[in-house]
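Take a look at the structure below.
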Amino acid sequence: MNPTREAVSALRNARSVAVLTGSGVSAESGVPTFRDAQTGLWENYDPMDLATPEAFARNPELVWEWYEWRRKLIGEAKPNPAHEALSELEKRVPDFTLITQNVDGLHREAGSENVLELHGNIHRTVCSKERTTIEPENFIEGTPPKCPNCGAFLRPDVVWFGETLPVGVMEAASEAARNCEIFISAGTSSVVYPAASLPYEAMESGSLVIEINPDDTPLTAVADIVLRGSAGEILPALSSSGE
Ligand code: NAD
């Protein structure tokens, strides 16, 4: 059977589905993936050298400015057909969990409800010392701004490379992966751990694993069904065919 038909037919009767998304799902909304070249002012910087606690300790101003630029880019982005298809799929499947590595909030904007944000959300700001959320009207101005309670620098509430995930979120994602009939991995390079372990947990529990990506990833060789192409084309084809 052709892989798309095989995926459609599996999804038609599925009662529990977990989906893991990565930055490829937001690429068609104009939010660049980390592996795409950056543009303009930032083209000479590697995101792997900016999205780390060491980079923030070394040069907090540079890291804050990079996040200001990304927040603006994300603020102008709208959900694309991939986000919309996942929100539609949630309405059809009784037990549906969307696990995302994206920090852009576009899944919720598209109407998805049961969303686990593994890597936080760029629209929230926290104190780098106390970890409390601080609203923009309370920022002590500066680059980066400072915490009104303790004076430490503020930072985006995202998980940087080398940091641990928010308490409870990875556990909930593992549980969804282990209990689903179908696990879809879409638009992720499958190299950033611990998120990259989720499809393997699903596989070990007997789930059917479907990968959607234009390129090969470490998951490709072991996935049950591989759908080559963009998430914005493939996900709508999967979600509408059950109606
Ligand atoms: P990644 O940059 O490592 O990989 C992106 C993957 O998407 C690649 O495998 C690529 O082949 C695939 N891809 C590109 N265009 C696609 C499309 N149109 N449809 C489907 N797939 C497509 O991203 P990652 O795996 O998410 O992991 C890196 C980290 O980057 C994560 O921690 C994430 O938090 C962060 N990040 C988030 C955003 C965002 O929130 N939008 C953007 C950039 C990076």
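The values are calculated or read from the model by the stated rules, or taken from the named source; none is laboratory data. Note that the structure is predicted; figures quoted are calculated from it, not measured. So basically every Cβ, Gly included, is an ideal-geometry build from the backbone, and we count neighbours across all protein chains shown.
Values as computed for the structure displayed
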| item | result |
| --- | --- |
| ARG178 being within 16 Å of the ligand (Cβ to nearest atom), of a type in the set (Lys, Arg) and surrounded by 13 or more Cβ atoms within 10 Å (Cβ to Cβ) | no |
| Out of LEU219, LEU235, LEU227, sole residue that is assigned to a helix (DSSP H, G or I), closer than 24 Å to SER29 by Cβ and modelled with pLDDT of 95 or more | LEU235 |
| Matching option when the condition is over 15 Å from VAL19 (Cα atoms), in contact with a Gly (Cβ under 6 Å, 6 or more places away or on another chain) and at pLDDT 95 or above, among ALA77, ALA57, ALA82 | ALA77 |
| Cross-chain or 6+ apart pairs with Cβ under 7 Å, the stretch 108-126 first and on the phi > 0 side of the Ramachandran plot, then within 12 Å of the ligand (Cβ to nearest atom) and among the β-branched types (Val, Ile, Thr) | GLY120/VAL103; GLY120/VAL158; GLY120/VAL159 |
| Those residues of the stretch 170-212 which are in contact with a Gly (Cβ under 9 Å, 6 or more places away or on another chain) and either charged (D, E, K, R) or on the phi < 0 side of the Ramachandran plot (or both), in sequence order | GLU181, SER185, ALA186, THR188, SER189, VAL192, ALA195, ILE212 |
| Number of positions in the stretch 69-118 that are among the charged types (D, E, K, R), crowded, with 16+ Cβ neighbours inside 10 Å and in contact with a Ser or Thr (Cβ under 8 Å, 6 or more places away or on another chain) | 4 |
| Scope the stretch 21-65; condition in a helix (DSSP H, G or I) and within 12 Å of the ligand (Cβ to nearest atom); matching residues | GLY24, VAL25, SER26, ALA27, PRO47, MET48 |
